[in-house]
């Protein structure tokens with residue numbers, strides 16, 4: 001047995017010591033169960049573990065599990081496990097560690113200096129613990145919410161705290177397939193006060209308010225902390241429509257003592273802290289200003305929906321106009337599928353890219369707020385960073401970091417010289433970003449439109465993935481199934497393009513195409529060495545059969561590259577573009593192959609087998625019909641200087657067309673040919 005997953009189950013009781021016998025295990029998941037600690041000490045026998053995820057244990061405080069000797073560990077999650085201990089220094093010996101999450105425990109003492117030696121670490125979360133020293137060295141790695149600060153006053157006072165909840169979007173029709181379950185925990189001052197709280201169940205239906213009152217809350221130093229925490233129960237994916245998240249419409253705090261007229265009670269700063277603390281977990285807090293008709297389905301009013309400061313910043317329209325020179329055409333740096341992109345400079349000197357979106361409906365605005373909440377949880381060096389958003393009236397805007405070297409497609413188009421090492425770095429960066437989206441982020445995202453125009457380059461030519469989001473906002477308000485092809489012709493995996501079958505392996509296929517472009521310096525859709533070849537990928541298959549793949553290498557590289565490294569990337573590209581999705585590697589495996597940890601042997605795929613397949617002929621016909629539209633869109637996309645859209649679940653761009661009817665007819669012809 002290589003993998004054991006018992007997460008999300010109703011198993012209860014002590015964690016059995018028999019897990020220490022599973023010595024061949026490489027992955028163990030125990031998340032969202034009702035099990036109790038401690039973690040058996042013989043877990044240290046599992047020296048082959050590469051991934052350990054344990055969360056939400058019940059019972060009393062436990063020591064830090066004995067993980068000494070687990071040198072193969074790559075992802076370690078011990079979240080909300082009631083660990084009351086210090087972090088053992090041997091964690092710093094897990095040199096392959098990429099993800100470390102020890103949040104929501106009672107960890108104390110100092111953070112070991114050995115953690116700074118974890119050079120492979122992409123993400124670390126030590127939030128909501130009780131460390132006793134400064135954590136400046138980790139300040140950029142999600143440590144900001146730690147309870148480390150000392151209080152200026154030791155005076156203790158007691159308050160009554162009332163939380164006002166309402167389920168604002170779900171209907172009472174439990175058969176609606178897109179609905180999920182919102183179940184979460186609530187803690188006040190570090191004490192769990194509500195476990196597995198379900199607003200709709202407690203209130204007796206949707207759109208019904210419910211109050212929860214907690215008396216004699218101990219407040220020391222004028223600081224009150226309220227945490228809403230998703231503990232692994234219920235659903236963590238977005239429904240197809242509507243705002244995903246409960247509403248705290250108000251927080252009432254009243255003193256349980258006689259207030260001194262000279263200034264007793266909570267200070268203004270404390271009240272601000274209460275509100276800020278209530279916004280800790282992005283998917284559980286959405287504050288929406290509701291006016292008459294907003295939830296009642298009335299169209300006679302146009303409600304103003306303001307941006308929320310979740311894990312991102314909120315910008316006023318005035319600030320955006322000031323930064324972009326009132327959207328001066330001279331500052332326009334691109335025009336994408338969802339609107340224009342402007343370069344701007346904030347008052348603090350930060351250079352930004354502003355994507356201006358169109359607001360089609362009230363539904364679109366509400367979804368926009370939800371999607372922003374999703375984006376704010378995604379942080380990775382190879383993803384375009386979101387600074388914030390602006391929602392005022394019908395103005396919807398996303399504010400991103402500005403990337404100096406534009407897109408990978410622009411570098412190819414303008415013949416920006418990229419040496420072999422830089423191309424390798426770009427390819428690895430894309431792979432790491434996708435591995436994070438597929439396997440490491442809590443949301444498990446499929447991008448659906450990986451291509452050269454959606455890979456942006458910073459000043460050091462590091463790759464950052466953009467354009468993963470806003471697909472749902474591009475659909476009509478009442479549409480549950482999009483009839484338009486999502487993605488870009490030439491990059492879509494065949495099973496997705498022809499049958500709508502979507503998994504993360506569709507992104508793997510697209511990555512393979514982009515890897516070919518990086519090596520060759522040519523566009524997959526625009527390069528046709530001979531008339532009978534539709535794409536660069538077709539030519540690659542022919543060269544593979546002839547044993548002459550190196551003919552694909554960009555001539556501008558001359559002889560300044562390693563043939564072995566080039567062959568690894570070309571073989572990997574062909575492996576990723578295997579017609580069978582099950583034979584494509586995962587993106588984490590791709591990263592290992594690019595880093596030389598795993599050999600990359602290309603699959604033996606005969607191009608003739610594709611030519612004889614009527615489905616391939618049908619897809620080729622659609623390709624030919626859409627070639628003009630695709631090239632026009634590609635030209636528009638090349639003008640983008642920044643991310644077209646933002647990162648989140650089930651992200652895509654629908655295939656653009658100058659004539660929507662023509663696009664629909666082409667799709668219809670394709671379906672007839674296929675079925």
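Note on residue 586/residue 48: beta-carbon distance plugged into 1/(1 + (r/R0)^6) with R0 of 30 Å gives a FRET efficiency of 0.95.
For residue 326 and residue 417, a Förster radius of 22 Å and the Cβ-Cβ distance give a FRET efficiency of 0.05, rounded to the nearest 0.05.
Given a Förster distance of 60 angstrom, what is the FRET efficiency for residue 23 paired with residue 160, based on the Cβ-Cβ distance and rounded to 0.05? It comes out at approximately 0.65. A viscosity of 0.890 mPa s and a temperature of 25 °C, combined with the Kirkwood radius over Cα pairs in Stokes-Einstein, give a translational diffusion coefficient for region 3-138 of 164 µm²/s. Spacing of the modelled spin labels on residue 545 and residue 34, each 7 Å from Cα toward Cβ, amounts to 6.0 nm. Relative contact order, whole percent, for region 3-138 stands at 17, derived from Cα pairs under 8 Å and 6 or more residues apart.
Since every read-out is calculated from the coordinates, none of them should be taken as a lab result. For clarity, every value in this text was computed on a predicted model and none was experimentally measured. No Cβ is skipped: glycine too gets one built from the backbone with ideal geometry, and neighbour counts run over all protein chains shown.
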